[in-house]
Each structure stands twice: as structure tokens, then as C-alpha cells.
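Let me begin by presenting the structure, written as C-alpha cells, before commenting on it.
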């Protein structure tokens with residue numbers, strides 16, 4: 001009872017109080033600038049060079065009335081009044097990466113910002129934007145949904161910071177409208193450098209907008225002189241986000257690192273929008289992976305390699321049913337995958353099924369409803385974020401031919417995400433069930449429920465805050481000993497990498513409260529966070545609720561510049577009172593993370609539901 005009392009107390013501790021009075025907050029200038037920054041601004045504002053330095057180093061970036069009102073206005077779909085009119089001229093207006101914003105294009109960057117924008121960055125070529133990024137062209141009939149989808153897809157592109165589309169009606173010809181697309185890139189060069197000594201270092205560089213063509217080119221080398229497995233490692237990945245006007249993405253990967261060797265080529269096209277009728281992918285590759293597994297909690301960790309050739313092809317078509325809403329689609333898809341192992345541990349009819357040679361044919365039928373709502377300060381640090389709302393239900397079925405005979409597969413998924421009534425936050429959940437069937441016996445099955453919630457944005461002093469809750473339950477059915485769950489890291493207990501936290505069933509609960517600061521330093525914005533994580537995991541011989549309740553508590557901060565392609569830097573201190581095989585209760589972490597994105601409700605390739 002004690003451990004569940006702790007969870008209850010933490011649930012009640014995370015406040016979901018009343019929403020702030022934004023109008024009063026915006027009018028009250030003292031709520032925008034702390035006393036410290038106000039005094040600093042006054043002192044530095046006495047000279048021209050002081051004002052320039054202050055403008056470059058410090059910027060009010062959150063909760064501006066312009067941003068809040070702009071997002072609220074866009075939610076009403078400002079393009080609806082022009083529905084059906086003819087698109088005349090399309091104007092592409094590209095902003096400097098530092099200085100202005102899509103919400104304030106009149107802001108002129110100071111000399112430092114202008115110099116960096118002009119001399120150290122090449123904007124995406126206009127012809128690339130016109131040819132590959134826009135869902136509409138001149139003399140099309142204007143579709144308000146198409147324009148909103150174009151904005152969303154551009155914002156989802158890693159080379160774009162933000163975008164706004166403006167429609168201007170011609171006075172002399174009111175049935176024709178001109179469109180202005182305002183785009184602001186991000187800094188495209190990303191470095192990944194780290195070293196503990198001359199014997200252990202990594203150097204990486206990625207250009208996410210290679211020569212302004214929108215292509216991504218990543219190169220990275222690692223050196224670990226005393227590593228018992230491999231000292232030198234390298235990877236090179238080239239990605240073309242959209243090939244011509246097809247919206248097909250192509251990627252070539254060559255990786256030779258300590259735990260992964262990969263040579264692959266891939267081309268894919270997802271259901272980008274509700275109106276996308278066809279999607280699919282083709283992938284061919286060779287993979288060699290070093291595995292680290294335990295057979296039980298007390299046993300020695302096993303280290304072995306697997307190597308296999310992989311092929312994958314799938315195709316799906318979306319149908320709009322008669323009488324259905326504009327955002328609803330029926331999707332039918334088929335897929336073929338193949339694994340041919342050359343290196344693996346011993347396999348038998350009842351052992352190591354995940355390493356069987358196999359060819360799988362799958363089909364799926366699904367129904368999806370997709371909407372998007374604009375918001376801010378969820379995973380981003382001030383940029384506009386498109387939050388998916390809607391639902392999907394999908395049934396997957398098929399047959400797998402293996403070296404030990406054939407077996408069938410069936411799986412079902414249902415997901416729903418929505419903003420709660422009366423501005424109570426956002427709730428998402430996904431329920432999944434799937435299993436192989438052979439002679440009426442379930443093999444490698446799974447039952448899963450994942451849920452995610454974030455609160456409304458709330459005022460706290462001079463800043464704003466959100467609270468986040470994650471709840472997850474996974475139950476494995478007749479899994480092999482090396483095919484198990486873990487509750488380390490993103491799977492449950494943040495800041496932990498412990499190979500002993502394993503089992504075939506898992507229950508996790510996570511809390512996080514994030515405080516978004518109002519100031520930025522050289523464009524880098526800071527968010528402070530606290531977290532509490534709980535996890536139960538057990539092997540098949542132990543009931544889940546009889547296992548140990550593992551815990552983690554901590555604080556930290558995240559730093560990010562939305563104008564750069566750099567990952568979010570994170571500093572974290574955690575307290576872990578009862579982790580196994582460790583002598584320290586406290587752990588310090590400094591790492592970089594990619595900004596997360598909320599899961600969409602598009603139906604993709606038919607998939608075997610993974611155990612994770």
C-alpha cells in the first residue's frame with residue numbers, strides 16, 4: 001500500500017489549476033520582464049552598442065500578444081473565406097534566420113544577426129520550395145484545407161523553423177487571389193562532438209539543407225581505442241526529403257559502428273495529408289547488430305551478433321466513403337517483408353523465434369479521422385506546434401512462412417486523441433493487441449495500453465508551465481527468454497540504463513512538470529523541469545504487483561535554439577532509491593535529445609505490433 005500511496009500523493013501534487021487571465025497578463029508589463037532584466041535593459045540601452053548587444057543576447061520569446069492572438073486567429077482557418085477562388089500569383093518570401101519571425105516580419109535583426117544570416121546560411125532555394133514543398137500551384141482552385149496542410153507539412157520539415165501563408169484578394173478581379181508564403185529556415189549545420197580523451201572521441205557534422213536543396217547529409221566518426229569490440233566507427237546518411245513533386249523521400253545509409261553495421265537504401269511516401277490517396281515504401285538492406293541480452297535477473301549478460309538481409313515493400317490506398325466527413329478515410333494496405341539471417345544464435349522450433357528466417361505477407365484495413373490544432377510550448381520552445389486530434393482503428397492480418405513452418409498473425413489497434421472540454425488539456429491513448437497463431441496456440445503475443453496527457457499552459461510568476469503524465473502497460477504472451485521488456489530510460493525510469501530491469505510484463509507511470517522561462521540568451525531558450533517515474537516489471541514466474549516498485553525523482557533544465565538544427569541539450573540530476581546492481585543513489589546526466597512529436601492518426605504500413 002505504501003508504494004501506491006506515493007503514486008497517489010504525486011498525482012495530487014501535480015497542479016492542474018485554473019487558466020491564467022491572459023489579457024491581464026499581457027497588459028501588465030511587469031509580468032513580462034523580471035526586475036533583473038528590466039534594470040539590465042535600462043543600463044545597456046544608454047548606448048547604441050549596448051542596445052545592439054542586448055538585442056542579440058536577450059529576447060522576450062514567450063507569451064507575446066502577437067503570437068497568442070496569431071495562433072488563435074489561425075485556428076479559425078483564415079483561408080475558408082477564399083474557398084474555391086482561383087490562385088493567381090504565388091510569392092515566396094524568405095526571412096533571415098535571425099531577427100524577424102513569421103509573426104513579426106517587421107523586426108530587423110541587429111548587425112550581429114544580419115551578418116550571421118547572410119554569411120553563414122543559405123536559404124532553401126525558392127525553386128525547391130515551389131517544386132517540392134507546396135501542395136498547390138498557380139491557377140488551382142483554392143482549398144482552405146490544402147493551405148493548412150501545406151503550413152503543417154512545412155513546419156514538420158526539420159529545415160523549416162516556421163511558416164505563414166497569407167491570401168490577398170485582387171481588387172480588380174475578386175475571384176482571383178494571390179498567395180504569399182512566408183518561410184523562415186533554421187540554421188542547417190549541426191555538429192555532434194564529444195570526447196573523454198584522445199582515445200575516446202566522436203566528431204560529426206550534418207547539413208540538413210545541403211546547398212539549399214533541402215537535402216540532408218550526415219557524416220560522423222567515432223574512435224574508442226580500448227574498446228574490446230571495435231575501435232573505429234563511421235556513418236554516412238544522405239536523405240532527399242521530397243523527390244520532385246512526388247513527395248517521395250529517398251535515403252541511403254552506410255553505417256559501420258560498434259553495435260551496428262548497416263547498408264541500406266529506402267524510398268517512402270506516407271499519407272502526408274487526409275487527401276493523400278496513395279502511400280508506400282521500398283527498402284533493401286543488410287544489418288549486423290551486436291545484441292546485449294539477459295536470460296534472467298541473476299544471470300550473466302550475453303553478448304552476441306546477428307546479421308541479416310532485409311527487404312520490405314508496402315503499398316496503401318485511402319478511400320473517402322460516401323457521406324463521410326472530409327477528414328475521414330478508409331485505408332487498405334498490403335506489405336511483404338523478409339529476413340534472411342547469416343549470423344545468429346541457435347534457433348529451434350521453440351527457441352529464439354525472433355531470429356527465424358521468415359517471409360511475412362500482411363494486409364490491413366483501417367479507418368482514420370485526422371484534425372490538427374495549433375499550440376505552443378509543448379515540446380517546442382516557442383515555435384508553432386501542430387497537435388494531432390482524431391482517432392484510428394486498424395485491423396492487421398496475414399501469414400508468415402518460416403524455416404519451421406507457417407503461422408498466421410492477427411492484430412488490432414485503436415487510438416484516440418483530443419483536447420478535453422473546458423480547456424482541461426490534451427489526452428491521447430493507444431490500445432493494441434496482436435499475436436501469431438500456430439495450431440491454435442498464441443506465439444509472441446502482446447497486449448498494450450499507452451496513454452499520454454498534458455495540461456493547459458498555465459501562468460506561474462513571470463513564466464508559463466505545463467504538466468505531463470505518461471501511463472503505460474504492456475503484457476507479453478509466450479515470449480522467448482531473449483525477447484523481453486525493460487523499464488530503463490524512455491521506456492519508464494528516466495536517466496537509467498539498467499539491464500536487470502527486465503520482464504515480460506510492465507507497468508509504468510511518469511510525471512513531468514516543465515517551466516518555460518521567458519528569456520533567451522543568444523537565442524537559446526531555457527525550460528526547467530522536475531520528474532517522477534515509477535515502474536513495475538517482472539518475468540512470467542512473478543506476478544506483476546508482487547514485484548519491486550522502482551522509482552526515480554529528479555530535476556533538470558533543457559536548452560534549445562529553435563533557429564538552429566541542434567538537438568535540445570539537457571542537464572539532469574536524478575535520485576533513484578532502489579535500483580539493483582548500483583552503489584549510488586544519485587545520477588547526473590548531460591545529453592542531447594531530439595524534440596518529440598505527438599503521434600499522428602495516419603494509418604501506415606501493416607505492422608507486427610512490437611514488444612516495447
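The values are calculated or read from the model by the stated rules, or taken from the named source; none is laboratory data. This one's a predicted model, so the numbers in the text were calculated from it and none came from an experiment. We place every Cβ from the backbone using ideal geometry, glycine too, and count neighbours over all the protein chains shown.
Going by the conditions given, is residue 229 touching a helix residue (DSSP H, G or I) at 6+ places or on another chain (Cβ under 7 Å), outside the structural domain of residue 276 (by TED's automatic domain parsing) and outside any strand (DSSP E or B)? If you could, list the steps in order and put the result at the bottom.
Numbers: touching a helix residue (DSSP H, G or I) at 6+ places or on another chain (Cβ under 7 Å): no; outside the structural domain of residue 276 (by TED's automatic domain parsing): yes; outside any strand (DSSP E or B): yes.
When the stated conditions are applied, residue 229 does not pass them.
Candidates are the residues of segment 357-394 that are crowded, with 18+ Cβ neighbours inside 10 Å and within 30 Å of residue 307 (Cα to Cα); the one that is nearest to the chain's Cα centre (by Cα) is 364. Quick check on segment 297-313. Is at least one of its residues surrounded by 15 or more Cβ atoms within 10 Å (Cβ to Cβ) and under 25 Å from residue 413 (Cα atoms)? Checked segment 297-313: at least one residue is surrounded by 15 or more Cβ atoms within 10 Å (Cβ to Cβ) and under 25 Å from residue 413 (Cα atoms).
Strands (runs of 3 or more DSSP E) fully within segment 356-428 that include at least 1 residues being within 30 Å of residue 569 (Cα to Cα) and touching a helix residue (DSSP H, G or I) at 6+ places or on another chain (Cβ under 8 Å): 358-375, 385-402.
If you scan segment 444-465, which residues turn out to be assigned to a strand (DSSP E or B) and modelled with pLDDT of 90 or more? Explain how you work it out, then say what you get.
In the first step, residues of segment 444-465 are kept if they are assigned to a strand (DSSP E or B); the result is 444-454, 458-460, 463-465.
Once the filter is applied, which keeps residues that are assigned to a strand (DSSP E or B) and modelled with pLDDT of 90 or more, segment 444-465 yields 444, 445, 446, 447, 448, 449, 450, 451, 452, 453, 454, 465.
Taking the conditions (1) in a strand (DSSP E or B); (2) crowded, with 19+ Cβ neighbours inside 10 Å; (3) in contact with a helix residue (DSSP H, G or I) (Cβ under 6 Å, 6 or more places away or on another chain) in turn, residue 164 satisfies each one other than (3). So for segment 106-116 (the condition being at pLDDT 85 or above, part of a helix (DSSP H, G or I) and under 19 Å from residue 562 (Cβ atoms)), does at least one residue qualify? No, segment 106-116 contains no residue that is at pLDDT 85 or above, part of a helix (DSSP H, G or I) and under 19 Å from residue 562 (Cβ atoms).
When residue 581 is tested against (1) at pLDDT below 90; (2) surrounded by 15 or more Cβ atoms within 10 Å (Cβ to Cβ), exactly one condition is not met: (2). Has segment 599-612 got any residue that is part of a loop (DSSP other than H, G, I, E, B), surrounded by 18 or more Cβ atoms within 10 Å (Cβ to Cβ) and assigned by TED's automatic domain parsing to the domain that holds residue 338? Looking through segment 599-612, none of the residues is part of a loop (DSSP other than H, G, I, E, B), surrounded by 18 or more Cβ atoms within 10 Å (Cβ to Cβ) and assigned by TED's automatic domain parsing to the domain that holds residue 338.
Is it the case that residue 276 is outside the structural domain of residue 153 (by TED's automatic domain parsing) and part of a loop (DSSP other than H, G, I, E, B)? Explain how you work it out, then say what you get.
On the way: outside the structural domain of residue 153 (by TED's automatic domain parsing): yes; part of a loop (DSSP other than H, G, I, E, B): yes.
Considered against the rule, which asks whether it is outside the structural domain of residue 153 (by TED's automatic domain parsing) and part of a loop (DSSP other than H, G, I, E, B), residue 276 comes out as yes.
To keep it simple, each residue is scored yes or no on (1) outside any strand (DSSP E or B); (2) closer than 16 Å to residue 604 by Cα; (3) assigned by TED's automatic domain parsing to the domain that holds residue 265.
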position: 291; (1), (2), (3): no, no, yes
position: 300; (1), (2), (3): yes, no, yes
position: 305; (1), (2), (3): no, no, yes
position: 309; (1), (2), (3): no, no, yes
position: 316; (1), (2), (3): no, yes, yes
position: 333; (1), (2), (3): no, yes, yes
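Of the residues 248, 240, 255, the single one that is crowded, with 17+ Cβ neighbours inside 10 Å, under 29 Å from residue 340 (Cα atoms) and modelled with pLDDT of 95 or more is 255.
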